[in-house]
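Q: Attaching a single structure in C-alpha cells format; questions to follow.
The values are calculated or read from the model by the stated rules, or taken from the named source; none is laboratory data. None of these values were measured; they are calculated from a predicted model. Neighbour counts are summed over all protein chains in view; Cβ atoms, including those assigned to glycine, are modelled from backbone coordinates with ideal geometry.
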Amino acid sequence: MEIDEDLSVIEADSISPEVSSESFGDISCITNDDKENENVEDPHSIETDESDPEDVTMSESESGIVDSSFDPTALLEISDILDLVGKNWSIFRVSPLWNLNFDTNYLNLLSKKLKKFLIIHISTHMKNQNNSFSEISVEIEAKEAHQECIALKIYVINNDTNSKLYTGLLLKSPNYEQNYDKNSLSDMPILMVQGNKSFSVAIHNWLTEHFDCVIRPYEFALYQFLWLIAISMGDAGQLYNETVLYHYFYKYESSKGQMDVKCYAESEFLRSVLAKLSLNRSSSEATSFHYSDLIKVQSDIEDHFKITSGINVSKLKLKAFEAPKVASINVSGKIHVWSSTLMDLMLKYLMELQNNKCMP
C-alpha cells in the first residue's frame with residue numbers, strides 16, 4: 001500500500017490538557033542501566049495492515065480525569081489475582097445485575113439453564129464448524145466477594161477435549177459490601193473473559209437477558225490508556241534490565257487506506273525521561289506520579305519517535321502498548337500481564353473508574 005500523504009498534516013487526536021492532582025504509580029525502581037542494546041534490528045518501522053485495526057495481536061511478551069489514588073505498597077498476593085497472571089484477557093463493562101442469587105442451589109439451576117441455552121446455540125449456529133462440541137459442561141461458581149476480588153466465575157468446558165470454551169470472571173466493585181443486595185442489584189462492573197468468540201457473544205446475550213444488565217467491551221479512553229501504560233512502567237522494576245525495546249502501536253487512516261505504525265522506545269531512553277521528572281525522593285511523595293508527569297513523559301516519547309523515525313505520532317491514534325515480560329495492553333480492552341502486583345493495580349484502577357461514573 002502506498003500512501004503519499006504527509007503524516008504531519010493529519011488532524012491531531014491530542015491528549016487532554018487537563019491535569020489531575022492525584023498520583024499513581026511508583027517509578028523509583030527504574031534506575032538501573034540497560035546494557036542489552038546490541039545486535040538489535042531497526043527499532044522503527046511502518047507496516048501495512050488490512051485487518052481489523054482494533055484487533056491487535058501482541059506477542060506474549062470519556063473524558064476528564066477521574067480522581068483516584070492507591071497505595072502501591074498496600075497489596076496482597078491473592079490467589080485469584082495469581083490465576084489472572086500470564087493470560088490474555090478481554091475486559092468488559094457490566095451494569096448491575098438484577099435479582100442475582102448467590103445461593104448454591106440457585107447457581108446450580110442457573111448452570112443447567114445456561115447449558116441448555118448453549119446446546120441450542122451450538123445446534124443452531126455452530127453445526128457447520130469443524131470443532132466438536134458434542135458434550136459440554138457449565139459451571140457457575142460464587143466467591144466470597146468480601147474477601148476476594150472475584151465474585152462470580154462462569155466456565156464452559158468441552159468435555160470431549162477437557163478444554164475451556166469460555167471463562168468469565170465477574171469482579172466486585174470497591175463498595176460491593178455497601179451496595180450488595182441493595183434494590184436486588186449486584187454490582188460487579190468488570191467482566192474478564194477468555195474463550196471462543198461465538199460462545200462469548202452467546203453467553204453475554206444470555207446474561208443480558210437473564211439479569212437485565214448491559215455488557216459492553218471496555219474501550220479505554222486515551223487518558224485511561226496512558227495511565228495503564230504508566231502503571232506498567234511503575235511496576236517494571238528489575239525487568240527493565242532484561243528488556244531492550246518497548247513497543248508502541250499506532251493507527252494511521254486516510255482516504256486511501258490504513259496503516260499500522262509500530263515504534264520502539266529503548267529502556268535506557270525511558271529511564272532518562274523519567275529521571276528528568278522533578279521528584280524529591282526524600283519526601284513522602286518520592287514515588288508519586290502525577291497526570292502532569294504522565295503528559296510530559298508521553299510528550300517526550302512522541303518527540304523521540306519524531307526524531308528517530310521522522311513520524312509525528314501525536315497525529316496518530318495510539319492503540320496498543322507492550323512492555324515485554326511486563327504487560328501488553330490494547331485500547332480495545334485486551335490485557336496480558338505477567339505480575340500479580342501489576343494486575344492488582346490495574347484492576348484497582350479500572351474498578352475505581354467504574355466506581356466514579358455511571359455506565360453510558
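Q: Exactly one of (1) in contact with a Lys or Arg (Cβ under 7 Å, 6 or more places away or on another chain); (2) closer than 17 Å to Gly86 by Cα is unmet by Leu316. Its number?
A: For Leu316, the exception is condition (2).
Q: Can you confirm whether Ile301 is at pLDDT 85 or above, crowded, with 19+ Cβ neighbours inside 10 Å and outside any helix (DSSP H, G or I)?
A: Criteria not met by Ile301.
Q: May I pose another question? Could you check region 196-213 and list, in sequence order, the residues that are of a type in the set (A, V, I, L, M, F, W, C), under 15 Å from Arg93 (Cα atoms) and surrounded by 15 or more Cβ atoms within 10 Å (Cβ to Cβ)?
A: Ile203, Leu207, Phe211, Cys213
Q: While we're looking at this one, here's another question. When you look at Val94, is it at pLDDT 90 or above and either more than 17 Å from the chain's Cα centre (by Cα) or surrounded by fewer than 17 Cβ atoms within 10 Å (Cβ to Cβ) (or both), yes or no?
A: Judged against the criteria, Val94 is not a match.
Q: Only residues in region 282-297 that are farther than 13 Å from Ile231 by Cα and among the small types (Gly, Ala, Ser) count as the first member; pair them with residues that are assigned to a loop (DSSP other than H, G, I, E, B) and modelled with pLDDT under 55, Cβ under 7 angstrom, at least 6 apart or cross-chain, and list the lot.
A: Correct list of pairs: Ala286/Ser28; Ala286/Leu279; Ala286/Asn280; Ser292/Val19.
Q: Can you tell me which residue in region 147-166 is surrounded by the most Cβ atoms within 10 Å (Cβ to Cβ), limited to those that are modelled with pLDDT of 85 or more and either touching a Leu at 6+ places or on another chain (Cβ under 8 Å) or closer than 21 Å to Asp344 by Cα (or both)?
A: Per the criteria, the residue is Val156.
Q: Could you check how many residues of region 245-263 are modelled with pLDDT under 90 and closer than 23 Å to Ser292 by Cα?
A: The number of residues fulfilling the criteria is 1.
Q: Just name the residue that is modelled with the lowest pLDDT out of those in region 235-244 that are surrounded by 21 or more Cβ atoms within 10 Å (Cβ to Cβ) and touching a helix residue (DSSP H, G or I) at 6+ places or on another chain (Cβ under 8 Å).
A: Once the filter is applied, the top-ranked residue is Tyr240.
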